[in-house]
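Structure, as structure tokens:
Please treat every number below as a calculation from the coordinates, not as lab data. From a predicted model like this one, the values you see are computed outputs, not experimental measurements. Methodologically, a virtual Cβ is constructed for each residue, glycine included, from the backbone with ideal geometry; neighbour enumeration extends over all protein chains shown.
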Amino acid sequence: MAKPMKQCNHAGCRTLVPYDERYCEKHQHKANAETYHKRMYDSDESKYQQFYKTAAWRRLSRRFLELNPVCIKCYEDGLIRKADVVDHVIEIKDDWSRRLDESNLQPLCYRHHNRKTGLVREQRKHQTK
């Protein structure tokens with residue numbers, strides 16, 4: 001059975017897209033660029049997003065992954081899986097002063113990093129309510 005269709009969300013565009021998509025191929029890139037710009041420069045998160053582009057963070061995270069190449073959560077589960085991300089144990093939104101503190105870092109695979117980040121976001125959302 002075919003998915004229901006709707007019009008692209010870009011103003012004035014009448015191209016039909018599947019119901020679970022927002023933009024047609026022509027306007028998707030523009031929407032992604034606008035979202036990126038808002039997140040990097042116009043939001044409350046911009047300070048944190050720009051930190052991850054600094055030379056200090058890139059050097060530290062690259063060196064940390066070289067010294068700690070295994071995801072610690074997978075290792076605790078008895079698996080050996082490559083660490084893809086250097087994660088802040090205490091997020092920089094919660095304690096900005098520990099952003100370059102090696103004792104606040106842990107190597108994680110994408111799966112465990114995404115899971116941990118989702119849990120922290122949910123906790124933060126419930127605390128603000």
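Amide H to amide H, with H built 1.01 Å from N, ASP87 comes under 5 Å of GLN106, LEU108, counting only residues 5 or more places away or on other chains.
Assign unit charges at the C-beta atoms only (+1 for Lys and Arg, -1 for Asp and Glu), then state the dipole size of the chain relative to its Cα centre in Debye, rounded to the nearest 20.
Using Cβ point charges on Lys, Arg, Asp and Glu, the chain gives about 340 debye.
Remark: spin-label model distance LYS3-THR128 equals 2.9 nm, labels positioned 7 Å along the Cα→Cβ axis. Karplus-derived 3J(HN,Hα) values for region 67-81, using 6.51 cos²θ - 1.76 cosθ + 1.60 with θ = phi - 60°, are 7, 10, x, 10, 4, 6, 5, 5, 4, 5, 7, x, 10, 10, 10 Hz; glycine and proline are entered as x. Close amide H partners of LYS6, meaning residues 5 or more places away or on another chain with modelled amide H under 5 Å apart, are VAL17, TYR19. Between ASN114, ASN32, ASN104, the residue with the greatest mean-square fluctuation in the GNM of the chain (Cα pairs under 10 Å linked by springs) is ASN32. Could you tell me which chymotrypsin sites (Phe, Trp or Tyr not before Pro) in region 34-129 are loop residues by DSSP with no more than 14 other beta carbons within 10 angstrom of their beta carbon? Here the chymotrypsin sites (Phe, Trp or Tyr not before Pro) that fit, given the DSSP loop and packing criteria, are TYR52.
Summing Lys and Arg as +1 and Asp and Glu as -1 over all other residues whose Cβ lies under 15 Å from the Cβ of VAL70 gives a net charge of -1. Where only DSSP H runs of four or more residues are counted, the chain gives -13000 deg cm²/dmol as its mean residue ellipticity at 222 nm, each run worth -39500 (n - 2.57).
Look at (i) 44; (ii) 21; (iii) 15: the one that is percent of Cα pairs over 26 Å apart derived from this structure is (i). Loop exposure criterion: GluC sites (Glu not before Pro), DSSP state outside H, G, I, E and B, at most 15 other Cβ atoms within 10 Å. Applied to the chain, the longest stretch between such sites is 46-129. Looking at the square roots a ≥ b ≥ c of the eigenvalues of the Cα gyration tensor of region 56-128, which shape do they give, rounded for a/c under 1.5, prolate if a/b is larger than b/c, or oblate? Note, shape of region 56-128 comes out oblate. Each part gets one Cα centre, and for region 106-127 versus region 7-59 those centres are 21 Å apart.
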